[in-house]
Amino acid sequence: QQWTTLKYLLKPTVTLLIAYPTKSGSNSGIFWGLLFSTLGDICLMIPHEDMFVPGLLSFLVAHILYTVSFRDAPPSLSWTAIPFGAYVAVMMAALYPGIVKEEAVVQAGVVVYMLVISVMAYRASLSGNVLLIIGTLLFCLSDSILAWDKFLHSYAWCEFGIMITYYAAQLCIAIVHT
């Protein structure tokens, strides 16, 4: 019980602490993305299945804000998009047995979310900024673990793996934009 209370306090607090230095930066999309991520954190912590879609939507908005904030990335298509497309295809194929059991809104949300997060990582790859690329790839890893945990099979280490990669991702993205 004490761990649960502490976790509920720490998760949004840590994201807000990461967001704070970006508040005065020149790129407000990162700050707002971190605020939407905090909202997503809160939604996903609420132990009620109906909060998954609002949490997913909050993170979807955050990723869109991040993507448009990657100003150093040229808006073009290149061969580097292939691995990100492959990531979406492999993840969707792997998650299909679990996702197909969900409501249509969850199924559609997961597909759109996977596409948006891969576009975010792709755009970061075009920026040439190593820390930004690492951050977005860590976000993909975090969300892949989360999806596997939610839709396929939960392992004891999943929550730890999700949070370590998630906070590292947010921190990398924020550091680049402070």
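Numerical summary
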| read-out | value |
| --- | --- |
| Calculated FRET value between residue 115 and residue 76, using beta carbons and R₀ = 25 Å, to 0.05 | 0.90 |
| Measure of compaction for the range 1-103 (Cα Rg per 2.2 N^0.38 Å) | 1.31 |
| Phi-based couplings in Hz for the range 65-71 (Karplus 6.51, -1.76, 1.60; Gly and Pro marked x) | 4, 4, 4, 6, 7, 7, 5 |
| Rg to Rh, two decimals, where the range 73-160 supplies the alpha carbon set and Rh follows Kirkwood | 1.01 |
| Å² of accessible area per residue within the range 50-105, as computed with a 1.4 Å probe and no ligands counted | 58 |
| C-alpha center-to-center spacing [the range 158-178, the range 20-86] in angstrom | 12 |
| Calculated from backbone phi, Karplus (6.51, -1.76, 1.60) coupling profile of the range 131-139 in Hz, x at Gly/Pro | 5, 5, 4, 4, x, 6, 5, 5, 5 |
| Evaluated at q = 0.10 Å⁻¹: base-10 log I(q)/I(0), Debye formula over Cα of the chain | -0.37 |
| Rounded percent of accessible protein surface that carbon and sulfur make up, the chain, 1.4 Å probe | 73 |
| GNM flexibility winner over the chain from 72, 41, 143 (Cα, springs under 10 Å) | 72 |
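The values are calculated or read from the model by the stated rules, or taken from the named source; none is laboratory data. What you are looking at is a predicted structure, and each value in this text was computed from that prediction instead of being measured. Positions of Cβ are generated from backbone atoms using ideal geometry, with glycine treated the same way; all protein chains shown enter the neighbour counts. Note: areas computed on protein heavy atoms with side chains; ligands, DNA, RNA excluded. Shrake-Rupley method; radii C 1.70, N 1.55, O 1.52, S 1.80 Å.
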